[in-house]
Amino acid sequence: MTSTTSLLGYAQPWVAHPGNTVSFKISSNGPETCDMTVHRVVCADIDPNGPGAQFEPQPWGETRALRVSHQAVDAGSRARADGAPEINPAEGLDLTLLIFPTLRTDRPQVVFSFGTLSLQITADGCLGAAAGATFMALDAEIELRQWHRIHLRIDAGEMSLVASHLRPRPDVPARQSSQTVVADFVWPGADTPLLFAAEPDDANGIPRCHYNGKIEAPRLATAGGELIAAWDFSRDQSAARIRGHGPHGCPLVLENTPMRGATGHLWDGSVDHWDLNDTHYAAIHFHEDDTTDCRWETTCSVTIPAGTRSGFYIARLSSLGVESDISFFVSAETGRPRSKILFLVPTATYQAYANTHIKFDSANTENLYEAPMALSEDELYLNSHRELGLSLYDTHSDGSGVIYAGTRRPMLNARPGLYTFNYVNDTHIVKWLELKGYDYDIATDEDLHRDGTALLEPYPVVITGSHPEYYSTPMWDALDAYQQGGGRHMYLGGNGFYWRIAWSDDHPETIENRRGISGVRTWEGEPGEHMLSFSGEPGGLWRTHGRAPQQLVGNGFSSTLFVRSTGFRRKATDDAAAYGFVFEGINSQTIGDFGYRGGGCVGLEIDRWDPDLGSPANSVILATSEGIDAGGLLSGEEYVTTTRMLDGGQNANVRADMVIFTTGNGGAVWSTGSIAWATSLLWNGGANPVSQVTENVLRRFLDPQPLDD
């Protein structure tokens, strides 16, 4: 058996252009050397019963006998001082801060570390402090998910520790304290690392003993009360660097993206945004399993030659018994189109799902699929190595939802393999375009967010993929402006344009999503914490904030259909007949009762038309799904009262609609309404009605004549 996990790596950047240099960060779990070759991915579906995997070796990027070694993952978030303050031993030191611990572990969790001085929660769950060889701990366990005010002092050879519970109960100590004589303590110098939420590890340089919970208002002062340094976490919520106050400045650098926009000890439900009262949002939530950047060393670098075709690419690592791929993308340069078609690859969706543990962590997964879970080597490895970082569908070890996802880590389900959602499915579209002889460029969500309409405008036709679920405001606005400005958009998927996300220059290659309190979600955000820290916008569903996907593409998410896919039945209406070109050359009234995902083109996640949610007045339903039964389930935001009638056999909203409409200046939109549409394109070698309909629309959309002539 060939291993896919004995060699792991990631590309930085994940999205590049011809002429850019891509660095590959590789770690070995065995081999000492490997070969690396670069391939353009035409189809990543390696299922022997699928459409046929296809990889094209490139003449560039080949490296033989590449030396590789194991690289430890730098997991866990913390705040590191950029230059520690100078301490005068004669003046002593006071640390005050508030903490809200969220997890008990079998190891110490370090809240504050400065040389050999530290504040921690012990493996027994008590608050403790260390100064050199001296250690002391309070008697009672510190209560989880409650705010505590902490005061640690070291002065004149003595150390004292006080913890005050801000909401004490009769069975919980309102105040605990302890003090002891300190021996063999060396005061930290100006070059000593100062960290919150972790401590340094001198052995490998990677911080350890990460704290799980919130920290608020840390302040360092002399024993006499003179300020040394203090930090206000309510300011600059999108920043990865927090200004220090006091004579020493001492800014903090946030590593591995701890959660900002977190409620503090003053939050009382009266506001839901820091702009309304920033004192209520003065905390940062740290996690031991935050990983947005593994911080691996570069193993090798490759410069993408000028003129390289845009597309999906992999660096394939091979050694005896090992073959492992690192995915990356070569994007078309904005303003320099090489074809009339742009395939907009939904990389934000790949990023959101990257390294998901839903098969292991969700009690609902097997119920949803109505089948036992099949697990690949990649998934088993991820379950045992959660330090590689979590997906936006996971929860942290303390139960809080994951809101940030970065690309600077191995992403084992965003590459060729047995995980057939998203990345692999979209390569069916790539292979179909090549099979039909269409020239095309590709660009990514990251490009769209950065360059907006300038990216899209040169192309008469833009194709979005099987599942463009995650969209930022600039992305949405750019696609909408493109459509209204005369662009033609083919949406070949389902459950698109669903969650609002944000990007931030302060946190490179990282996206943020807050699940809010609506939508199909594996976790729900904490009260008061639904705003995106990167942008200050409300998180959650676009629909919740007045932009249902129906407004953009005519249909929007209605249902999941994971058990058995089905097909479409054409609508026999005058409006549908006006778009007769869509079904040209097709005699059957049924479209797509076949496919590689569930046996049909209507499946996985599906969308429906609804004028009440914004489907344009001139939009036309060309076809509607048929044969959906109890395996189709209405999504949560589609109903407000619990009822038994939520499945496809009883509820008319459990359906997929194929929709078309024209926009201003000769533009148009065609939406398939189903993720499984893309995975039916290549059935029977591409000779099928799903393929024919798609080609009919693409050919007509490439014709500059207005569709309503």
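Residue by residue, here is whether (1) without any contact (Cβ under 8 Å) to a residue 40 or more places away in the chain; (2) of a type in the set (Gly, Ala, Ser) holds:
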| site | (1), (2) |
| --- | --- |
| Gly213 | no, yes |
| Gly224 | no, yes |
| Leu227 | yes, no |
| Phe233 | no, no |
| Ser238 | no, yes |
| Ile242 | no, no |
| Cys250 | no, no |
| Val253 | no, no |
### Task
Those residues that are of a type in the set (Ser, Thr, Tyr) and open to solvent by less than 10 Å² (accessible area, probe 1.4 Å), I need them from region 522-536; list them, please.
Ser533
## Note on the structure
Flagged in region 500-535 as in contact (Cβ under 8 Å) with a residue 60 or more places away in the chain and not in a loop (DSSP other than H, G, I, E, B), in numbering order, are Ile501, Thr510, Ile511, Glu512, Met531
#### Entry: Positions within region 605-622 being open to solvent by less than 30 Å² (accessible area, probe 1.4 Å), outside any loop (DSSP other than H, G, I, E, B) and within 21 Å of Thr573 (Cα to Cα), in sequence order
Asp607, Arg608, Val620, Leu622
### Task
Report whether or not Leu682 is of a type in the set (A, V, I, L, M, F, W, C) and touching a His at 6+ places or on another chain (Cβ under 6 Å).
yes
### Task
Quick one: Leu418 ticks every box in (1) of a type in the set (A, V, I, L, M); (2) modelled with pLDDT of 95 or more; (3) over 21 Å from Gly666 (Cβ atoms); (4) in contact with a helix residue (DSSP H, G or I) (Cβ under 8 Å, 6 or more places away or on another chain) except a single one, so which number is it?
(2)
### Message
Just to be sure I understand, how many residues within region 655-709 are farther than 17 Å from Tyr491 by Cβ, among the hydrophobic types (A, V, I, L, M, F, W, C) and assigned to a loop (DSSP other than H, G, I, E, B)?
### Response
2
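Going by the structure shown, is Thr334 open to solvent by less than 40 Å² (accessible area, probe 1.4 Å) and either part of a strand (DSSP E or B) or of a type in the set (Ser, Thr, Tyr) (or both)?
In short, no.
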### Task
Hey, can you tell me all the residues within region 126-181 that are without any contact (Cβ under 8 Å) to a residue 40 or more places away in the chain, farther than 24 Å from Thr102 by Cβ and outside any strand (DSSP E or B)?
Gly157
### Task
Report whether or not Gly539 is buried (at least 24 other Cβ atoms within 10 Å of the Cβ) and out of contact with any Pro (no Cβ under 9 Å at 6 or more places or on another chain).
yes
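Given Pro200, Pro173, which one is modelled with pLDDT under 95, open to solvent by 30 Å² or more (accessible area, probe 1.4 Å) and under 19 Å from Met136 (Cα atoms)?
Pro173
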### Query
Mind checking whether some residue in region 623-637 is within 33 Å of the chain's Cα centre (by Cα), assigned to a helix (DSSP H, G or I) and closer than 19 Å to Ala572 by Cα?
no
### Query
Has region 445-458 got at least one residue that is modelled with pLDDT of 95 or more, within 23 Å of the chain's Cα centre (by Cα) and under 25 Å from Asn688 (Cα atoms)?
no
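The values are calculated or read from the model by the stated rules, or taken from the named source; none is laboratory data. Model, not experiment: these values are computed from the prediction. Cβ atoms come from the backbone with ideal geometry, glycine included; neighbour counts cover every protein chain shown. Accessible surface areas use protein heavy atoms only, side chains included; no ligands, DNA or RNA. Shrake-Rupley method; radii C 1.70, N 1.55, O 1.52, S 1.80 Å.
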